[in-house]
1. Over segment A:14-273, what per residue volume does the convex hull of the Cα atoms give, in whole Å³?
2. Once every DSSP H run of n ≥ 4 in chain B is given -39500 (n - 2.57) and the sum is divided by its residues, what mean residue ellipticity at 222 nm do you get, rounded to the nearest 500 deg cm²/dmol?
3. Under Stokes-Einstein, with the Kirkwood radius over Cα pairs standing in for Rh, what whole-number D in µm²/s applies to segment B:219-345 at 10 °C and 1.306 mPa s?
4. How high is the relative contact order of chain B? Use alpha-carbon pairs under 8 Å, at least six apart in sequence, and give a whole percent.
5. Considering the dipole of the protein assembly as shown built from charges on the beta carbon (Lys and Arg +1, Asp and Glu -1) around the Cα centre, which of A:S410, B:T372, A:G260 is farthest to its positive end?
6. Hey, for a label at A:C473 modelled as a point 7 Å past Cα toward Cβ, could you say which residues of segment A:430-453 have their backbone N under 17 Å away?
7. For segment A:424-467, just say rounded, prolate or oblate: build the C-alpha gyration tensor, square-root its eigenvalues into a ≥ b ≥ c, call rounded for a/c under 1.5, and beyond that prolate if a/b exceeds b/c, oblate if not.
8. Please give the direction-averaged projected area of the C-alpha convex hull for chain B, in square nanometres with one decimal.
Protein chains: 2
Amino acid sequence: MADDRKLPTRADDFSAWYNELVLRAELADYSPVRGCMVIRPPGYGIWERMQRALDDMFKETGHQNAYFPLFIPESFLRKEAQHVEGFAPETAVVTIGGGKVLDEPLVVRPTSETIIYAMFAKWVQSYRDLPILMNQWANVVRWEMRTRLFLRTLEFLWQEGHTAHATHDEAETEARQMLGIYRKFMEEWVAMPVVTGQKSDSERFAGALRTYSCEAMMQDNKALQAGTSHNLGQNFAKAFDLTFQTESGETAHAWNTSWGVSTRLIGGLVMTHGDDVGLRVPPRLAPIELVIVPIYKTDAERARVIEVAQGVRAALSGPGSGVPIRTHVDVREHLKPGAKYYDWELRGVPIRMELGPRDLDREQAVIVRRDTREKQPVPLATIGEAVRGLLTRIQGDMFAAARERREAHSVREPVTYDRFREIMEGEGAFVYAGWCGGAECEAQVKTDTKATIRVLPDPEFRSPEAPTRCLRCDQPVKSEALWARAY
Amino acid sequence: MADDRKLPTRADDFSAWYNELVLRAELADYSPVRGCMVIRPPGYGIWERMQRALDDMFKETGHQNAYFPLFIPESFLRKEAQHVEGFAPETAVVTIGGGKVLDEPLVVRPTSETIIYAMFAKWVQSYRDLPILMNQWANVVRWEMRTRLFLRTLEFLWQEGHTAHATHDEAETEARQMLGIYRKFMEEWVAMPVVTGQKSDSERFAGALRTYSCEAMMQDNKALQAGTSHNLGQNFAKAFDLTFQTESGETAHAWNTSWGVSTRLIGGLVMTHGDDVGLRVPPRLAPIELVIVPIYKTDAERARVIEVAQGVRAALSGPGSGVPIRTHVDVREHLKPGAKYYDWELRGVPIRMELGPRDLDREQAVIVRRDTREKQPVPLATIGEAVRGLLTRIQGDMFAAARERREAHSVREPVTYDRFREIMEGEGAFVYAGWCGGAECEAQVKTDTKATIRVLPDPEFRSPEAPTRCLRCDQPVKSEALWARAY
């Protein structure tokens, strides 16, 4: 059973609230290995639903899953100059195997571009072998010094898509398509609005031509980079001799893309939707959508109420009942209903159904939304319809609430640099402002305020009136930029 | 497109046939890292279907998925004496992280008992917290010297179930239940018959009280250990202080089980069902169940045939068509129908449909079973029914054929030790014979013949007339044993 001390509040200490909530809702736990977490069943259940939804979208767009080795020869990492610079400092290295020191150390993959494009080079001869559209679900390791459950861990789970194309434009279309799929998933499944756009050079993936990103606002007004998609150009194709014969018989290097999202999304879900009572899980990702809590005093009442509860569960979750609803009946005997309500609110189950003898007399049940905590009686005769409708409404309302929250904390009117610093040192925001395109301005803003350029937003996210001057140096702008502190 | 040289035959060189088939059907490929393979989409597609089927069965029996760290502190492995002896020699060890030498080296998990039971110890206080029924899908690493694609690789994918119970009997029931689930999966999905039973002490999992196994016969008459389930007793609970308060208020150690199957099953599928033409994939595990090859000479014919083919595909694989059939239309223009047949036979798709203008005139298609290569015309009007029925028949026939093959190569009549050696040095077999229970006899048989005790078979697999004398020493038997050479 869950710990029944009060959670820290978001307002008092957002970071303590987050950690405590993740632990108490049993999403994850610390492990004996520094920086590595254990994902517990309630957290892994969310991840499984994320995987299923994304995997379906990847397959609908022609991608196939494969699996590449965990270990990468150290020399592979060195073949792409920017890539090694970006990843070598944070690798875990196997130096001993089967009791012997290895001739060449093996790096535990921090990402798999190098080993995957080495294999693509083996498989691709002609333009007929292109495009290759692959994805793998895997664990990766990055030796981080400061870790946070889900947000930044030494080992994490993710998917990494890797593709090879005959032309730059095809690769660009692919990188953009996958960014769009991520956005759709984050909006429609995680109920988490995102701003999409291109990263500045300093935040680009090590080895990429262009990096695109989905950026979400957490409830402390900081940004979370929730997914990225890279047009890798021919950088890796050149490093790994990934060439093909074109239709006209010439030899050309292929164009690659890679794209990934990770278990970090679970952290994003928590920080987007959680409240001071606990988690709120969007229905489409909830391992349990409806929990039924039986209320009774006597053994006879218990038998009667639980029988009806099991009947409701069977009717809602069985086949032939329309879309099955993931339903759980909480029959624990050593807990009172109030303790059960508390427990399920902490865990964020979207709808609770309370069912007691008086409800049965009236042929009704009381259902309670987790997101708004509204209660309403519902006739048992039409319970499936009512629950299904409410789940859809909750999913939509959660997205709308998160978007409204983000807009309320977005600054689009022109601000002076002093005002900008004040905002960043205060409660934070997504600030849309001009950027001269200079790396120095970008670096100076970071030093002054800890804020960075999250993205150069895509057209639909840009301000109606384009900024004309750089936020910091007041020179003419090159692009509008979204500035914020970030995880 | 697949290589069009002839495969080696099973009779000529079973091992070369296996390797070539795995490579040419694109199930897997060698990687640049010694002993690590790449699982390519056609192989991974089979694994995904295996995962889905097993995962459903695990969940139906109350298990939940979780995820534990890849890295295990070296000291953890040492806490259970037999366990460290079994696994320490074959570990990969991370000694450097983030550019620094680690204080305590980290072992890449060869299996996760130690880290998982350390976590269980943290989570379990009272009998109310039991049983814990968990599973994880993960990669593991064992530093093997001689590797074979799928059968024995440095890294492999598997699931490992881990449970904790209040009593020995509950753990025993669980270990037995999971063995039953494995058997059901292997018979009904892989169409691969297995003999179940208990391992002898010498073949027991390092740290277990009892190990149960499913043993399948490959077409070279060698055994493949296809899945194991262990009653771990209290060995790990004692090593990791996994205790709980009983209902009567005492402190007791929990009882654990663990059980796993791996990507090795794909090797088992190949060696059970493949023939000299290529793979034969049982329909329930086939990523593509039906491939449609359009036949045409002119552009007009092509348009007409492909339109009908796409219509058939839509009708068979769409929603509302009963159980959807995984259907693919092979529209490649640079290949003739014959080359396509060859390709799909190599890849083992259960049914091929040939569709040409003359077929359309007769409102029929020709369907060809991959397992028996029988051809039959089928009216297009009832194609769904015909294909569905045939897929079910193929699944059943493949299992029956494999079981018949195994029985034809099982020896149940009493054999002298000389005859036994002759069999093992000849074409091999599953030999059911007596065992005195002595480790010396077991070891001597292995030295003499390379055969080992695969299992002490469960009652239903034992011979009608129980053997009375040990195969080797002629002393009175302790148990009947299944002897065979093994992978």
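1. Spelled out: Cα convex hull of segment A:14-273, divided by residues, is 134 Å³.
2. About -11000 deg cm²/dmol.
3. So the translational diffusion coefficient is about 80 µm²/s.
4. Taking the mean separation of contacting Cα pairs over the length of chain B, I get 14 percent.
5. B:T372
6. In segment A:430-453, the label zone of A:C473 (backbone N under 17 Å from the point 7 Å along Cα→Cβ) covers A:433-448, A:453.
7. Cα axes put segment A:424-467 in the oblate bin.
8. Mean projected area of the Cα convex hull: 27.6 nm².
The values are calculated or read from the model by the stated rules, or taken from the named source; none is laboratory data. The structure presented is a predicted model; accordingly, all values stated were derived computationally and were not measured. Ideal geometry is used to build each Cβ from the backbone, glycine not excepted, and the neighbour counts take in all protein chains shown. We work out accessible area using only protein heavy atoms, side chains counted, and drop any ligands, DNA or RNA first. Shrake-Rupley method; radii C 1.70, N 1.55, O 1.52, S 1.80 Å.
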